[in-house]
Amino acid sequence: MNVHAAALAHAHLPNEQTSAFARDAISDLSQHQKRLSPKYFYDSTGSELFEAITRLPEYYPTRTELGILRDRGSDIAAIIPKGAALIEFGAGATTKVRRLLEKSAFAAYVPVDISGEFIKAQADALSRDFPDLAIYPVAADFTASFALPEAVAHLPKVGFFPGSTIGNFEPYEASRFLRSARQILGTGAQMIIGADLEKDERLLHDAYNDAAGVTARFNLNVLERINRELGGDFDISAFTHHAIYNRERHRIEMHLISNKQQAVRMLGTSFSFRPGESIHTENSYKYSIERFGALARRSGWQVRESWTDPKGMFSVHALVAE
Ligand code: AVI
């Protein structure tokens, strides 16, 4: 029995999601460059911390994208066919989708998210404010293939993927996601998608190193989550949040740095850390309009229009499936 199998055999795991977390954590912390997938940031504490990040003065992406959706709302509405179905990949706070629903006459809204409970609550809140909108929540992993509800099969389709979540994918994953979305939505569909842009490094640095330390808590929460859910014994005070801009690779990298020589146990496995050794927890890729267009084209989409805020901090693109 190998290390992973032995560890898992000793673990009493409550459900499938936890065992995927256990498997990934053990495998990723066993690599030469230790890592943890950013998808594990978002338990309820992590989701609340992320909402707090979006309100920080240094974290410009959320409010800048909302500004573009507001200021360019009529331009966006002009290219959306009447009576279309809006399919949102991953359902966050409803603030952004409301900007689209207010301006365009959508017949249906399909929020897709792994958390069935979360999208149910989101759908309930929206149906109070948009009583004529048909809402069909789909509980699915939006990065994999899933079926659209039969009821929207004959409607024109518009995908929506805001927040520059695409920036948290490696370029090959971003391309795979766009291809899969293209297949799900079909030829002639459109996609409204947000992508953060390259900019002054100081602004990027500050957005991921806020003075109040919320991003640090968000990053460290993944270790607390391992302690809570997988019985880990991480000493949180022995790790430090570190976020730097990697200019060659056009990305912010987030790491958790071990402050000392230490060993951490989880699920019967011990992981040793050297002083200064990092766990790489997230990449947040920053695009140029050109590089984003190239990504879209090699993934089966044409760029119909691209909008930015006046300072060129963030971009929103309308793509068309060829
Ligand atoms: C969700 N995602 C687009 C955020 C980002 O900016 O990459 C996650 C985040 N990480 C640290 N701060 C925010």
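Identify all residues within region 141-164 that are in contact (Cβ under 8 Å) with a residue 40 or more places away in the chain, in a loop (DSSP other than H, G, I, E, B) and of a type in the set (A, V, I, L, M); write none if there are none.
Residues satisfying the conditions are Leu148, Leu155.
Scan region 193-214 and give yes if some residue there is of a type in the set (Gly, Ala, Ser), within 16 Å of the ligand (Cβ to nearest atom) and open to solvent by 30 Å² or more (accessible area, probe 1.4 Å), otherwise no.
Yes, there is a match, as at least one residue in region 193-214 is of a type in the set (Gly, Ala, Ser), within 16 Å of the ligand (Cβ to nearest atom) and open to solvent by 30 Å² or more (accessible area, probe 1.4 Å).
Tell me whether region 107-116 contains one or more residues that are touching a residue at least 60 places away in the same chain (Cβ under 8 Å), more than 16 Å from the chain's Cα centre (by Cα) and crowded, with 21+ Cβ neighbours inside 10 Å. Working first, answer last.
Quick first cut of region 107-116, residues touching a residue at least 60 places away in the same chain (Cβ under 8 Å) only: none.
No, region 107-116 has no match at all.
Among the residues of region 60-75, write down those that are among the aliphatic types (A, V, I, L, M) and surrounded by fewer than 21 Cβ atoms within 10 Å (Cβ to Cβ). Quick ask: steps written out before the conclusion?
Looking only at region 60-75, we keep the residues that are among the aliphatic types (A, V, I, L, M), and these are 66, 68-69.
Leu66 - this is the single residue of region 60-75 that is among the aliphatic types (A, V, I, L, M) and surrounded by fewer than 21 Cβ atoms within 10 Å (Cβ to Cβ).
Based on what the data block shows, is His241 within 15 Å of the ligand (Cβ to nearest atom) and either open to solvent by less than 40 Å² (accessible area, probe 1.4 Å) or not in a helix (DSSP H, G or I) (or both)? Break it down into steps so the answer makes sense when it comes.
Values: within 15 Å of the ligand (Cβ to nearest atom): yes; either open to solvent by less than 40 Å² (accessible area, probe 1.4 Å) or not in a helix (DSSP H, G or I) (or both): yes.
Yes.
Kindly indicate whether Leu178 is open to solvent by less than 20 Å² (accessible area, probe 1.4 Å) and not aromatic (Phe, Trp, Tyr). Give the derivation first.
Values: open to solvent by less than 20 Å² (accessible area, probe 1.4 Å): yes; not aromatic (Phe, Trp, Tyr): yes.
So Leu178 passes the test.
Output the residues belonging to region 76-106 that are β-branched (Val, Ile, Thr), under 23 Å from Phe50 (Cα atoms) and in contact (Cβ under 8 Å) with a residue 40 or more places away in the chain. Spell out the reasoning first.
In the first step, residues of region 76-106 are kept if they are β-branched (Val, Ile, Thr); the result is 76, 79-80, 87, 94-95, 97.
Pick out the ones that are also under 23 Å from Phe50 (Cα atoms) and you get 87, 94-95, 97.
Across region 76-106, the qualifying residues are Ile87, Val97.
Considering region 39-48 alone, what residues qualify as being within 12 Å of the ligand (Cβ to nearest atom), open to solvent by 20 Å² or more (accessible area, probe 1.4 Å) and not small (Gly, Ala, Ser)? Steps first, answer last, please.
To start, the set of residues in region 39-48 that are within 12 Å of the ligand (Cβ to nearest atom) comprises 39, 41-42, 46-47.
Right, trim to open to solvent by 20 Å² or more (accessible area, probe 1.4 Å) and you get 39, 42, 47.
The answer is Lys39, Tyr42.
Answer with yes or no whether Ser272 is surrounded by fewer than 17 Cβ atoms within 10 Å (Cβ to Cβ) and touching a strand residue (DSSP E or B) at 6+ places or on another chain (Cβ under 9 Å). So that I can check it myself, show each step before the final result.
On the way: surrounded by fewer than 17 Cβ atoms within 10 Å (Cβ to Cβ): yes; touching a strand residue (DSSP E or B) at 6+ places or on another chain (Cβ under 9 Å): yes.
In short, yes.
The values are calculated or read from the model by the stated rules, or taken from the named source; none is laboratory data. None of these values were measured; they are calculated from a predicted model. Backbone-built Cβ (ideal geometry, glycine too); neighbour counts: all protein chains shown. For accessibility, only protein heavy atoms count, side chains too; no ligands or nucleic acids. Shrake-Rupley method; radii C 1.70, N 1.55, O 1.52, S 1.80 Å.
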